[in-house]
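Notes for the one structure printed next.
The values are calculated or read from the model by the stated rules, or taken from the named source; none is laboratory data. These numbers come from a predicted model, not from an experiment. FYI the Cβ positions are ideal-geometry reconstructions off the backbone, even for glycines, and counts take in every protein chain you see. Ligands, DNA and RNA are stripped out before the accessible areas are found, and what is left, the full protein with its side chains, is counted by its heavy atoms. Shrake-Rupley method; radii C 1.70, N 1.55, O 1.52, S 1.80 Å.
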Amino acid sequence: MTTYVAHLNAALKTRFDAQERAVLFGQNVVTGSCLSGLTRGIKSAGQRLAINTPNIENTLAGMGFGLMLEGVPAIFAMKQQDFLLLGVDQLVNTWNILRRRNHTASFTILQVIVDSGYEGPQSALNNLPDLCSISRIEGFTINTAADAEAVLDAQIFAPGFRIIGVSQRLWRREIAAWDAPVWSSTDAGLQRYADGGDATVVSFNLAWEQGAALSAAMRERGQSPAFFHVAAGHVIDWAPILRSAGESRRLVILDDSKSVNRTSQHLALAAYRRGIGQVAIVNREVHDGTLRPHADLFTIDIPAILAEIGLQPGVTAISARA
Amino acid sequence: MPDMTLATEVLRLRLSMMIVNDLNRGGAFKVPVHLAMGHEAIACAVAAAMGRDDRLLLTHRNIHYNMALSRGLKGQIAEYRLQEDGFNEGQLGCMNFDNPGAGVVYTSSILGNNLAVAPGVALAQKVKNSGALTWVVTGDGAMEEGAFYESLLAMKSTGSAAIVIVENNGWSLGSTIAERRCPIDVAPLTKALAVPYRTLGGNDVMAYAEALRSFRAEALTASSPLVLEVALHSLGDWRQKTEEFPDGKYINYHAGLAPTVNVTDWPVIADDDTDPVHVLTCRHGENALRSLARDTLAALRQEAA
């Protein structure tokens, strides 16, 4: 069995070792648990540096930009997305200056999204779209073995800046090994895992698992859904999804982000403008009551979703129940 | 015959800023311009001490360094006017004015922001084995930000060579140090991180340049950041008469127009060592400088026209 973290670690190490010159830095990246295994075995060699740093997130975000503008590819590997809030000045103000330049090197923040639950009121931020939206940063999440390869290939050392989020909930689980997407955008931000004409299922953020479960359940019922996953945390070109939904006339959006600024809302708006008939939107419920130690799961009610789009007679639709 | 190179540079910067101030008085700029009259000695000295591949990271008050490292007053003014023929094609204005070709790789208008970027620039020199030094400018206000401490910690931990210049003019916006915070003794703060700490004062540009060459060698040899605190005064202050202050309330210069400063071919603003131009007279004599100032002003006016 290959765990999610083992797959990511191997994929990251392979790509880092292939660089002639690069710096991977962060807290606890080359000693101790090596970010719970994410950076294990990554070592300095020649002009490749792998270095532990002090706990100075704002400056570490700035340091990555400094390396990038000097032509040295950089990865800031960090334990929690929550900690990146300390570096928001850099994400906004520095990137808004540097984005206008033509870069030859990359800066990637590779961060763990703590979605494993029971952390409490803090340490549970999964709102990658919020970080992306503040200065139009490109962001990506990794759910499966296939999108680990696609996202890392397309992004980890691509010139410019982006954030890649990985899931702590999936950490020790066997990595999902569906067949590779039948189609992927060149930046790996949008992937189509299955074709079908009965409905168009679209998962966002770290909800690939829910999208896959819904697609599988529909197939068991003899229905044939198209299944897209949006790995991007930023707004992308929705045309492939809208074409599919325009044909199926049924769209399901599954988004586990706790943001109130969800990328998926842009898709929903685009679908509304296209007059796509039946749309089911399933989001996280976020309120003060969820800011306590709890399982923090994104659960979906498949019969209710299917009822919402007219594929499950006899079951009350989500909107009717809400 | 004494070398007048640095004196000429100090005069060029002072007169250039006076021209910019005059244009500002006429409403030429929509962008906020932060003049740095009184800061010429350190800027000219840095330009003289920088190695060919050295890097410099600046703040919102960057006009003096950019003028010291570039002879393009016309392009600088055009940039402040946000014109397409501006130095940065009118895309950056004043507070983010950079010039990578001259080593000014990054300029930030956010207090402390450039300090956080500097460790990456400095570490990159180490990775590339370039032998170049990273200079980063901050002030007595920005050094209050956590990024000051964080960046020193980062550069010291990674063995990266840099000089952090603290331009201490004693003010942050309209507040003096005493009006906003407790004193910060930089010496023990840097000692705690084993970071060398040096000071400069008196505005003697030649002495500054000599000292900076020495500090540069020290930082490169030690592969360490070095903090340099420079005492200076932002000239262009004025007095506002009100009922409460009939003799005039002191208004420190921060940004925009310096209302009491006008273009003149003898550009001394203060007759003491707070004014780098005044300090030049001690080395070179007033007559030689007056002649030099006239010629410099004529050339700048021609360029700016």
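Checked against the criterion of being within 7 Å of another protein chain (Cβ to nearest Cβ) and either crowded, with 19+ Cβ neighbours inside 10 Å or of a type outside the set (Asp, Glu) (or both), region A:27-49 contains one or more residues that satisfy it. Residues of region A:64-88 that are within 13 Å of chain B (Cβ to nearest Cβ) and in contact with a strand residue (DSSP E or B) (Cβ under 7 Å, 6 or more places away or on another chain): A:Gly64, A:Phe65, A:Leu67, A:Met68, A:Leu69, A:Val72, A:Pro73, A:Ala74, A:Ile75, A:Phe76.
Criterion applied to B:Thr5, B:Thr59 was being within 23 Å of B:Ala217 (Cα to Cα) and of a type in the set (S, T, N, Q), and the one residue passing it is B:Thr5.
With the structure loaded, tell me whether A:Glu57 is more than 7 Å from chain B (Cβ to nearest Cβ), in contact (Cβ under 8 Å) with a residue 12 or more places away in the chain, crowded, with 17+ Cβ neighbours inside 10 Å and among the acidic types (Asp, Glu) or whether it fails that test. Give the derivation first.
Details: more than 7 Å from chain B (Cβ to nearest Cβ): yes; in contact (Cβ under 8 Å) with a residue 12 or more places away in the chain: yes; crowded, with 17+ Cβ neighbours inside 10 Å: yes; among the acidic types (Asp, Glu): yes.
In short, yes.
Number of residues in region B:93-127 that are touching a residue at least 40 places away in the same chain (Cβ under 8 Å) and at positive phi: the value is 2. Scanning region A:89-120 for residues that are open to solvent by 20 Å² or more (accessible area, probe 1.4 Å), more than 9 Å from chain B (Cβ to nearest Cβ) and either under 28 Å from A:Ala295 (Cα atoms) or among the charged types (D, E, K, R) (or both) yields A:Arg99, A:Ser116, A:Tyr118, A:Glu119. For region B:101-138, residues that are surrounded by fewer than 24 Cβ atoms within 10 Å (Cβ to Cβ), touching a strand residue (DSSP E or B) at 6+ places or on another chain (Cβ under 9 Å), more than 8 Å from chain A (Cβ to nearest Cβ) and not in a loop (DSSP other than H, G, I, E, B) total 3. Within the set A:Met78, A:Met63, the sole residue that is touching a Pro at 6+ places or on another chain (Cβ under 9 Å), modelled with pLDDT of 95 or more and either open to solvent by less than 30 Å² (accessible area, probe 1.4 Å) or not assigned by TED's automatic domain parsing to the domain that holds A:Ala11 (or both) turns out to be A:Met63.
Residue count for region A:121-141 satisfying the condition of being within 14 Å of another protein chain (Cβ to nearest Cβ) and either more than 19 Å from B:Ser108 (Cα to Cα) or under 14 Å from the mean Cα position of the chain (by Cα) (or both): 0.
Annotation: of all residues in region B:218-246 being over 28 Å from B:Met18 (Cα atoms) and under 21 Å from the mean Cα position of the chain (by Cα), the one that is surrounded by the fewest Cβ atoms within 10 Å (Cβ to Cβ) is B:Leu226. Across region B:159-202, which residue is nearest to B:Leu123 (Cα to Cα) among those that are in a helix (DSSP H, G or I) and small (Gly, Ala, Ser)? Looking at the filtered set, the residue picked out is B:Ala192. For A:Met68, the conditions (1) out of contact with any His (no Cβ under 9 Å at 6 or more places or on another chain); (2) farther than 27 Å from A:Lys258 by Cβ all hold with the exception of (1). Total residues in region B:203-231 satisfying the condition of being part of a helix (DSSP H, G or I) and either in contact (Cβ under 8 Å) with a residue 12 or more places away in the chain or touching a Pro at 6+ places or on another chain (Cβ under 6 Å) (or both): the figure is 13.
Which of (1) more than 8 Å from chain A (Cβ to nearest Cβ); (2) closer than 27 Å to B:Gly72 by Cα does B:Glu145 not meet, given it meets every other one? Single failed check for B:Glu145: (2). On inspection, A:Arg162 passes the criterion of being without any contact (Cβ under 8 Å) to a residue 60 or more places away in the chain, within 23 Å of A:Phe76 (Cα to Cα) and buried (at least 19 other Cβ atoms within 10 Å of the Cβ). Quick one: which residue in A:Gly37, A:Gly41 is over 22 Å from the mean Cα position of the chain (by Cα) and either on the phi > 0 side of the Ramachandran plot or not assigned by TED's automatic domain parsing to the domain that holds A:Asp255 (or both)? The unique qualifying residue is A:Gly41.
If you go through region B:230-267 and keep only what is among the β-branched types (Val, Ile, Thr) and closer than 30 Å to B:Arg198 by Cβ, you end up with just B:Val230.
All conditions in (1) farther than 30 Å from B:Arg294 by Cβ; (2) at pLDDT 95 or above; (3) in a loop (DSSP other than H, G, I, E, B) hold for B:Ile269, with the sole exception of (1).
When residues of region A:278-319 are filtered for being in a strand (DSSP E or B) and open to solvent by 30 Å² or more (accessible area, probe 1.4 Å), how many remain?
The total comes to 4.
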